[in-house]
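First the structure, in the form of structure tokens, and then the observations on it.
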Amino acid sequence: MTRQTISYLTKRFEEVGIRPKSQHGQNFLIDLNLLEMIAATGKLEPTDVVLEVGTGTGSLTALMAPQVAEVVTVEVDPQMHQLASEELIDFDNVTLRLHDALAGKHKLDPDLMDLLAKKLAVDPRRRFKLVANLPYHIATPLISNLLMGPLVPRTMTVTIQKELGERICAAPSTRDYSALSVWVQCQCEARIVRVMAPTVFWPRPKVDSAIVQIELDDAKRAAVGDLAYFHHFTRTIFLQRRKFLRTALVNAFKEQLSKPQIDAVLTKLGFHESCRAEELPWQELLRLSMAMQAETASIPPA
């Protein structure tokens, strides 16, 4: 594999007349040791079907392809897609796609998901994984939407903004704890593997990055039940994360439930009137979500 140093990349870009585009979040990882760490963290196996979002120059793609059954890699920039196509021409198990992985903020591209499903259907032993040096702006919607399923990666090994990694892994009652923390942790185990300074990228971003490993936990995901409801409930409650939980619930359910009804739910569950959403672990938020869903479902139709 070609060592994609700054000198190699600048020379190659000059040859084809392109330059990194900030609007696409193009920051290329130039430390081969860290590229190898990303692939190693993904625990790649010969039966894996890997999705990579942000092909870039194809350096990570080329590192992964010999280790797995298939790599489906997506690039939104036509010039970068062409460059990667030339770099990866010798790999017959790499499928390059020129489009956005998202069909909108809250939806994955259906053609991409259909393609991945077909790759996985070839052999029942195949496993779906996401391994990518993600453009910063796509990281949150991509991870969130993948967890909505039905095609959910067994693992997600991603390079993302360090601040986002801290939010994903945050504990209750901390500054970074958020609806995203709850959404990931109610289905997965997540950890920060390595923090990376801007100097390991070209061009250098203005913030630190992190390699984050997210591993799906089937039992936790099954326990959530209605994923769409819990996702919406958590996002709604965290819009008012610093308000008392009772106030947030009254505002969220004012069209459906009275204050006495909400008070009755909180009392039954043993929540103190002064607690806040940001203080509750995902298990308690799930318990509350299920109780509120049941309460609203019991309302007779008008």
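Length gain on complete extension for the stretch Asp31 to Ala291, per 0.36 nm per residue less the alpha carbon to alpha carbon distance?
So the extension gain works out to 88.7 nm.
Could you identify which residue out of Glu14, Glu189, Glu45 has the top mean-square fluctuation in a GNM of the chain using Cα springs shorter than 10 Å?
Most flexible of the set in this elastic network: Glu14.
So which lysines can Lys254 reach, going by Cα to Cα under 25 Å and dropping same-chain residues fewer than 8 places off?
Lys243, Lys268
Helix 259-269 versus the longest principal axis of the chain: what angle, 0 to 90°, nearest 10, using Cα atoms?
Once rounded, one gets 70 degrees.
Tell me what the chain gives for mean residue ellipticity at 222 nm when only DSSP H runs of n ≥ 4 count, each as -39,500 (n - 2.57), the sum divided by the residue total, rounded to 500 deg cm²/dmol.
-13000 deg cm²/dmol
Could you compute Rg(Cα) / (2.2 N^0.38 Å) for the chain, with N its residue count?
Here the answer is 1.12, to two decimals.
Order these by the 10 Å Cβ neighbour count, fewest first: Met37, Met156, Met80.
Met37, Met80, Met156
Read phi for every residue in segment 214-221 and hand back ³J(HN,Hα) as whole Hz from Karplus 6.51 cos²θ - 1.76 cosθ + 1.60, θ = phi - 60°, with x for Gly and Pro.
So the J values, rounded to whole Hz, are 10, 10, 5, 10, 4, 5, 4, 5.
Work out the length of the dipole vector of segment 227-297 about its Cα centre, built from +1 on the beta-carbon of each Lys and Arg and -1 on the beta-carbon of each Asp and Glu, and round it to the nearest 20 debye.
180
Quick note: the coordinates plus some simple rules give every number you see, no bench work behind them. This one's a predicted model, so the numbers in the text were calculated from it and none came from an experiment. Ideal geometry is used to build each Cβ from the backbone, glycine not excepted, and the neighbour counts take in all protein chains shown.
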